[in-house]
Amino acid sequence: MSEPKITVELEGVEELRQTIKDMKAAFIVRVLALVDSIAEKVMLEAKTLAPVDTGMLRDSIKKELVKKYRVGRVFAGAPHAHLLEFGHLTKSGTMTEAHPFLVPALEKHRREFEDGMMKIVKDLSIG
């Protein structure tokens, strides 16, 4: 006795593939725009919070968008930035007080970033 055969014909597979490809591209564009926007806000906030003596620290705070990895990076290039952010021991062994500026700036905008990501996902959801 021969086994029953079932034939299935799918229509619209190529259109579905294109739709998914388009959604991925739209997602990446929107994520990069959000990351860049939040990184800009974090950078400006960090510059506001940074302690100023000569202005070297404040002026060294920059941002960059690494598109390949979809990452925004805010950093202070001044050689003493980490010492001010976290505090440090002096040569005499006393601890200097920390003057955080990067972490508080990031924390201030964290929720806005999370909400923005949720909106992107919801906007691009099917159904």
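The values are calculated or read from the model by the stated rules, or taken from the named source; none is laboratory data. Note that the structure is predicted; figures quoted are calculated from it, not measured. Glycine gets a Cβ as well: all are built from the backbone with ideal geometry, and neighbour counts include every protein chain shown.
Taking the listed residues LEU34, LEU84, LEU124, the one that is on the phi < 0 side of the Ramachandran plot, within 22 Å of the chain's Cα centre (by Cα) and modelled with pLDDT of 95 or more is LEU34, with no other qualifying. There is at least one residue in region 58-67 that is modelled with pLDDT under 95 and either surrounded by fewer than 14 Cβ atoms within 10 Å (Cβ to Cβ) or in contact with a Phe, Trp or Tyr (Cβ under 8 Å, 6 or more places away or on another chain) (or both).
In region 1-48, the residue that is nearest to LEU124 (Cα to Cα) out of those that are outside any helix (DSSP H, G or I) and small (Gly, Ala, Ser) is GLY12. The set of residues in region 49-78 that are without any contact (Cβ under 8 Å) to a residue 24 or more places away in the chain, within 24 Å of the chain's Cα centre (by Cα) and not in a strand (DSSP E or B) comprises ARG58, ASP59, SER60, LYS68, TYR69, GLY77, ALA78.
Note on region 46-57: among residues that are in contact with a strand residue (DSSP E or B) (Cβ under 8 Å, 6 or more places away or on another chain) and over 21 Å from ALA33 (Cβ atoms), the one that is surrounded by the fewest Cβ atoms within 10 Å (Cβ to Cβ) is LYS47. For region 84-102, residues that are surrounded by fewer than 14 Cβ atoms within 10 Å (Cβ to Cβ) and either among the acidic types (Asp, Glu) or closer than 19 Å to LYS41 by Cα (or both) total 1.
With respect to the conditions (1) in contact (Cβ under 8 Å) with a residue 40 or more places away in the chain; (2) among the hydrophobic types (A, V, I, L, M, F, W, C); (3) out of contact with any Pro (no Cβ under 7 Å at 6 or more places or on another chain), ILE20 falls short on a single one, namely (1).
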